[in-house]
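Quick notes on the structure that follows.
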Amino acid sequence: MRRTGKPDRVPFEISWGAFTPSLMEVYKQRTGSTLDPAEYFDFDTRLVNLDATRTKTDFTRWFSEPPLPNAVWDEWGYGALRGSMEHFLEYRYHPLAGCSSVEQIEQFPWPDVDADYRFEGVARATRAFQERGYAVAGELYLTIFETAWLLRGMQNLLWDFYRNEDIAHAIFDTLTEIRVRQAVKYARIGVDILRLGDDVATQKGPMMGLDLYRKFLKERTRRIITAAKKVKPDLLVFMHCDGAVAEFIPEYIDIGVDILNPIQPECNDLSEIGRKYSDRISFWGGIGTQTTMPFGTPQEVRAKVREVKTQLGSGGGLLLAPSHILEPEVPWENVLAFVEAARDARN
């Protein structure tokens, strides 16, 4: 990922915990294993995340109408209804949706995701994985923008960009302070990679113009990265952004991002991105979960792995992975084909 020296092979993983629930059942049936897929397939990285919170917050007063009893809740106070299948959720309850002043934002019961006790397990797991020779990634997805819209509601937040800037700034400022404290703790523990993530693009193009990105998100994300690298200068910073991300890549490079994920092949020109940026940023992903993995043959999966390696990693700086979690449509034979091809990839 540092694009120095000559690695013996291209590292790999299967993204986002590997499998959706029904494909996880296929994994158990076909392998007979009780191991986590990362252990069974021996991915080159391991992910660490916060310990569970010990607090219980009643967010009832932040909603004008009682939520449905079957809603699923997050510790941040936003709620969802389960979708018709698998892991999908319909985010319906946004606790900051009714706020009309900065004072109300300041009164919100923000979760204790930066508390010391939440990192005790992170420290133990990081040491254990590193002693076994794995690169450890600390999880900080939904870094600013995605948590903000889950709290405020997407339509409300985008409206705030133009009509209620003070509210948008108040939400983003608070989130940034929290994320800075988390990032610093990950760095002090000694994780090798800090995984940030904010989807600011759709598959048709950017979700916001660069003017808005620079006004509300860029410098705040830089603050998080700078704070973490001040503690651990050799920390690698990973940025996840689904969709057509090409327009944002120079912005990411400017603020200190080292690794871009997932470079969705369905909506990005991988050859062009590799040609323009592979000397300044590394790549993690590249294998389509809407195309190759569910609908290709095993032979096509293997060919795609070779192609992506040429497009994005001919000079190093590539970790091969599906561009997202593998959905139920993915044949087990394609999972094995990806793993076999990734293991065979050499620089």
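The values are calculated or read from the model by the stated rules, or taken from the named source; none is laboratory data. Since we're looking at a predicted model, the values are computed, not measured. Because the Cβ atoms are built from the backbone with ideal geometry, glycine has one as well, and the counts that use them run over all protein chains shown.
Per-structure values
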quantity	calculated
Counted residues, segment 261-296 - those being in a helix (DSSP H, G or I) and in contact with a Gly (Cβ under 7 Å, 6 or more places away or on another chain)	1
Checklist (1) under 17 Å from the mean Cα position of the chain (by Cα); (2) of a type in the set (A, V, I, L, M, F, W, C); (3) at pLDDT 95 or above applied to Val330, failing item	(1)
Out of Tyr78, Tyr91, sole residue that is touching a Ser or Thr at 6+ places or on another chain (Cβ under 9 Å) and either surrounded by 15 or more Cβ atoms within 10 Å (Cβ to Cβ) or at negative phi (or both)	Tyr78
Odd one out for Ala115, checked against (1) touching a Ser or Thr at 6+ places or on another chain (Cβ under 9 Å); (2) of a type in the set (Gly, Ala, Ser); (3) crowded, with 21+ Cβ neighbours inside 10 Å	(3)
Sole residue being buried (at least 24 other Cβ atoms within 10 Å of the Cβ), modelled with pLDDT of 95 or more, hydroxyl-bearing (Ser, Thr, Tyr) and closer than 24 Å to Thr31 by Cβ, chosen from Thr292, Thr297	Thr292
Enumeration of residues in segment 141-177 that are touching a residue at least 60 places away in the same chain (Cβ under 8 Å), closer than 24 Å to Ala201 by Cβ and either among the hydrophobic types (A, V, I, L, M, F, W, C) or crowded, with 21+ Cβ neighbours inside 10 Å (or both)	Thr143, Ile144, Phe145, Thr147, Leu150, Leu151, Ile167, Ile171
Complete set of residues in segment 317-334 that are in contact with a helix residue (DSSP H, G or I) (Cβ under 8 Å, 6 or more places away or on another chain), in contact (Cβ under 8 Å) with a residue 60 or more places away in the chain and over 20 Å from Leu236 (Cβ atoms)	Pro322, Leu326, Glu327, Pro328, Val330, Trp332
Unmet requirement for Phe248, which otherwise passes all of (1) more than 30 Å from Asn164 (Cα to Cα); (2) touching a residue at least 12 places away in the same chain (Cβ under 8 Å); (3) not in a loop (DSSP other than H, G, I, E, B)	(1)
Selection within segment 187-216 - within 17 Å of Phe161 (Cα to Cα) and part of a loop (DSSP other than H, G, I, E, B)	Asp198, Asp199, Val200, Met207, Met208, Gly209
When residues of segment 68-118 are limited to those that are more than 19 Å from the chain's Cα centre (by Cα) and aromatic (Phe, Trp, Tyr), the one farthest from Arg152 (Cα to Cα)	Tyr117
In segment 1-27, residue modelled with the highest pLDDT [restricted to those that are of a type outside the set (A, V, I, L, M, F, W, C), surrounded by 13 or more Cβ atoms within 10 Å (Cβ to Cβ) and not in a loop (DSSP other than H, G, I, E, B)]	Tyr27
